[in-house]
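First comes the structure, then the notes that go with it.
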Amino acid sequence: MLKVGLTGGIGSGKSEVSRRLSARGAVVIDADKIAREVVEPGTGGLARIVALFGPGVLREDGSLDREGLGSIVFADSDKLASLNAVVHPLVGARVAELQSQADKDAIVVYDVPLLAENNLAPMYDVVIVVDAADETRLDRLVRLRGMAEGDARARLAAQASREDRLRIADVVVPNEGSLKELEARVDEVWAELVARADA
């Protein structure tokens with residue numbers, strides 16, 4: 001089994017790369033998706049978040065108001081640490097469960113937004129960083145995701161710097177060009193992963 005850590009700052013296009021690797025046969029374990037699952041209504045994770053931050057972080061339907069919670073925690077590092085102390089162990093347990101279900105010879109891609117921030121690079125055989133300039137990422141968050149510029153800047157600031165991410169990269173996927181260019185780079189990366197898995 002080849003364990004691949006895939007990361008990139010918010011707005012870098014990491015999810016796009018993840019989808020393309022999945023289409024080529026990778027088993028993708030998406031930490032963000034799991035992080036949403038472990039705080040769905042009725043879960044112990046959501047109950048613990050409400051205990052920490054109060055019922056104001058819930059929507060009317062009882063689900064987590066992720067944007068509302070984000071505006072609280074991304075402005076306060078202590079609150080962010082408290083949230084992570086609840087969510088990260090739950091995500092870790094689910095990731096281990098999914099990993100145990102993959103074939104022994106699979107190429108498993110762990111889509112992990114905070115890989116650099118949490119010093120997780122040593123857990124993987126290969127670390128892929130999807131890279132785009134901060135200005136490009138900011139533009140995507142505001143223009144494509146409709147995020148307020150202040151919120152977008154706070155999210156960028158709460159993550160590792162571009163330099164910190166590139167420092168841990170075994171493979172870099174630049175993503176400031178067209179989707180066609182991205183597709184070609186993902187083809188190269190996939191060929192490299194297959195060669196490493198076979199070696």
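Here are the numbers for this structure:
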read-out	value
Residue under evaluation residue 80, criteria (1) at pLDDT 95 or above; (2) open to solvent by less than 90 Å² (accessible area, probe 1.4 Å), criterion not met	(1)
Among (1) in contact with a His (Cβ under 8 Å, 6 or more places away or on another chain); (2) modelled with pLDDT of 90 or more, the one test that residue 118 misses	(2)
Residue 130 of a type in the set (Val, Ile, Thr), within 26 Å of residue 176 (Cβ to Cβ) and in contact (Cβ under 8 Å) with a residue 60 or more places away in the chain	yes
Of residues in the stretch 85-108 being in contact with a helix residue (DSSP H, G or I) (Cβ under 9 Å, 6 or more places away or on another chain) and in contact (Cβ under 8 Å) with a residue 60 or more places away in the chain, the one nearest to residue 124 (Cα to Cα)	108
Residue satisfying condition, being under 19 Å from residue 2 (Cα atoms) and either more than 16 Å from the chain's Cα centre (by Cα) or touching a residue at least 60 places away in the same chain (Cβ under 8 Å) (or both), within set 182, 156, 193	193
Residue tally, condition in contact with an Asp or Glu (Cβ under 7 Å, 6 or more places away or on another chain) and closer than 21 Å to residue 115 by Cβ, over the stretch 135-164	5
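The values are calculated or read from the model by the stated rules, or taken from the named source; none is laboratory data. Note that the coordinates shown come from a computational prediction; the quantities given were computed from them, not determined experimentally. All Cβ positions, even for glycine, are placed from backbone atoms using ideal geometry, and neighbour counts span all protein chains on display. For the accessible areas, the whole protein counts, side chains as well, though only heavy atoms, and no ligand, DNA or RNA atoms are used. Shrake-Rupley method; radii C 1.70, N 1.55, O 1.52, S 1.80 Å.
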